[in-house]
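Heads up, the thing below is written out as structure tokens.
The values are calculated or read from the model by the stated rules, or taken from the named source; none is laboratory data. A quick note: this is a predicted structure, and the numbers were derived from the prediction, not measured. With ideal geometry, Cβ positions are generated from the backbone for all residues, glycine too; neighbour counts draw on all protein chains shown. Accessible surface areas use protein heavy atoms only, side chains included; no ligands, DNA or RNA. Shrake-Rupley method; radii C 1.70, N 1.55, O 1.52, S 1.80 Å.
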Amino acid sequence: MTNPLILGIETSCDETGIGIVRGNQLLADTLASSVEEQARFGGVVPEVASRAHVEAMIPTIKKSVEASGISLNQIDAIAVTSGPGLAGALVVGVAAAKALAVALNKPIYGVNHLAAHVAVDTLENGALPEPCLALLVSGGHSSLLKVNNINYSIESLGKTLDDAAGEAFDKVARVLGLPFPGGPWIDKAAQSGDQLSIDFPKGLMSKQDLIDHTYDFSFSGLKTAVARWVQAWQKTGEAIPVADVAASFQEAVVEVLVKKTMLAAQNFGINTVVIGGGVAANSRLRAMAQSEAEKHGVRVRIPRPALCTDNGAMVAALGSHLYSAGLDPADLSFEVDPTLDITQVQA
Ligand code: KG4
Ligand code: ZN
């Protein structure tokens, strides 16, 4: 069926997201977040996230359905993140989705959160040319992917060997005394800083690394270098130049992400790149990706920032593709998979 009506449920981390789409058209995207509770702990506490999902689920579904102007029984199918993510958090979303599927007698798709970060782009920029490349940069993952078919064929070209890009942003923010999650704060602080002021190391960019780990990333050395630099500065007794550190750190991350992505585009002869995941909201990444893409004759597609960070619309978008392609829905007995691999699009 073309243009199915799909309700998507996302609970892999600390956002309860409910999205409703009709085909590639976004009808509603409603979010409840436990990030303020989490900020007190400086990171996501799984138990806090799970409890918040339980409390937010029904009100958020109601809000989203109201905003969409549809009624629940018009829905063609339900899609829910089945992994990867926090086990206890995923379980809440999957249980809610199964309950809805049974109550409404509708099919249910258990979908991969990472593939959903790529699929969401179709809500803004239309169908994906296949194959295309996808740079997926979030709090838990950083991967370069070759998307042959968003429904069933995603290849991993490379990934982070240690910290995810977003994780590096969050850890460096903590070193700089900025709130959690740190990415948006670093982004903001960097705007008044000089990205050339400190020469931080760029992971896996040496000649040999570009041979052995062409499309892999590493951010933990950079994170440690920033922490050492800050420690050394503190000994001077002067205030830390937060804006300059933020800008220089951000530049080091973004440069590696963009360079490796453009290299893959060149090597595979692919001229469309989608960037997704929370770090894709970063203003410097968006700007550098666009300008480098122009130089390489590549088209870069990045959804608006609110669709880059976790949300329900992305899950609905992927569900819509699976349903439209006529792929079988999940059996109701499917389980969450906290370590679901990117190559597995569906539960
Ligand atoms: O995709 P996401 O919302 O959740 C995961 O699936 O992990 O990504 C969250 C990550 C966090 O590490 C957050 O700091 C980062 O995305 N992030 C950013 C920005 N906005 C969110 N990083 C850099 N710049 C931003 N503007
Ligand atoms: Zn995510």
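Of all beta bridges DSSP finds with both residues in the chain, what is the antiparallel percent, to the nearest 5? Percent antiparallel among DSSP bridges in the chain is about 60. For Lys235, the lysines whose Cα comes closer than 29 Å to its Cα, not counting residues fewer than 8 places off in the same chain, are Lys171, Lys188, Lys202, Lys223. For region 128-305, the calculated P(r), taken from all Cα-Cα distances in 5 Å bins from zero up to the bin holding the longest distance, is 1, 9, 18, 22, 20, 14, 9, 5, 2, 1, 0, 0 percent. Mean projection of the Cα convex hull over all viewing directions, computed for region 224-347: 11.3 nm².
Only Lys, Arg, Asp and Glu count, each charged at its Cβ (+1, +1, -1, -1), so figure out the dipole size of region 134-263 about its Cα centre, rounded to 20 debye.
Rounded to the nearest 20 debye, it is 100 debye.
Amide H contacts under 5 Å for Phe217: Lys159, Thr160, Leu161, restricted to partners 5 or more places along the chain or on a different chain, H placed in the peptide plane at 1.01 Å from N. The phi-based Karplus calculation (6.51 cos²θ - 1.76 cosθ + 1.60; θ = phi - 60°) puts the 3J(HN,Hα) values of region 199-215 at 9, 7, x, 9, x, 6, 10, 5, 3, 5, 4, 5, 8, 7, 9, 3, 10 Hz, whole numbers, x for Gly and Pro. Surface analysis of region 128-305 yields an accessible area of 43 Å² per residue, using protein heavy atoms and a 1.4 Å probe. As a fraction of the 1.4 Å probe accessible area of the chain, surface on carbon and sulfur atoms comes out at 51 percent.
Scalar couplings 3J(HN,Hα) for region 62-72, obtained by applying the Karplus form with A = 6.51, B = -1.76, C = 1.60 to θ = phi - 60°, are 4, 4, 5, 4, 4, 5, 7, x, 9, 10, 3 Hz; x denotes Gly and Pro.
Give the percent of DSSP beta bridges with both residues in region 128-305 that are antiparallel, rounded to the nearest 5.
60
Given their separation in residues at 0.36 nm each and the Cα-Cα distance between them, Ala227 and Ala127 gain 31.8 nm when the chain is fully extended. Within region 262-347, report the GluC sites (Glu not before Pro) that DSSP leaves as loop and that have at most 15 other Cβ atoms within 10 Å. Taking region 262-347 and a limit of 15 other Cβ atoms within 10 Å, the loop GluC sites (Glu not before Pro) found are Glu335. Our helix-only sum for the chain, with -39,500 (n - 2.57) per DSSP H run of n ≥ 4 divided by its residues, gives a mean residue ellipticity at 222 nm of -14000 deg cm²/dmol. Under 5 Å between amide hydrogens, built in the peptide plane, is the criterion, and for Ile75 it picks out nothing among residues at least 5 positions away or on other chains.
A Cα-only calculation for the chain places Rg and Dmax at 20.0, 67 Å.
Normalised by the number of residues in the chain, the mean separation of alpha-carbon contacts (under 8 Å, six or more apart) gives a relative contact order of 27 percent. The calculated FRET efficiency for the pair Met205 and Asp328, based on their C-beta separation and a Förster distance of 41 Å, comes to about 0.45. Annotation: amide H-H contacts under 5 Å for Tyr109 (H modelled 1.01 Å from N, sequence separation of 5 or more, or interchain): Ile78, Ala79, Val80, Ala330.
Could you let me know the centre-to-centre spacing of region 303-347 and region 121-135, using Cα atoms, in angstrom? Measuring centre to centre over Cα atoms gives 15 Å. Partner lysines whose Cα lies under 17 Å from the Cα of Lys106, excluding those fewer than 8 positions away in the same chain, are identified as Lys98.
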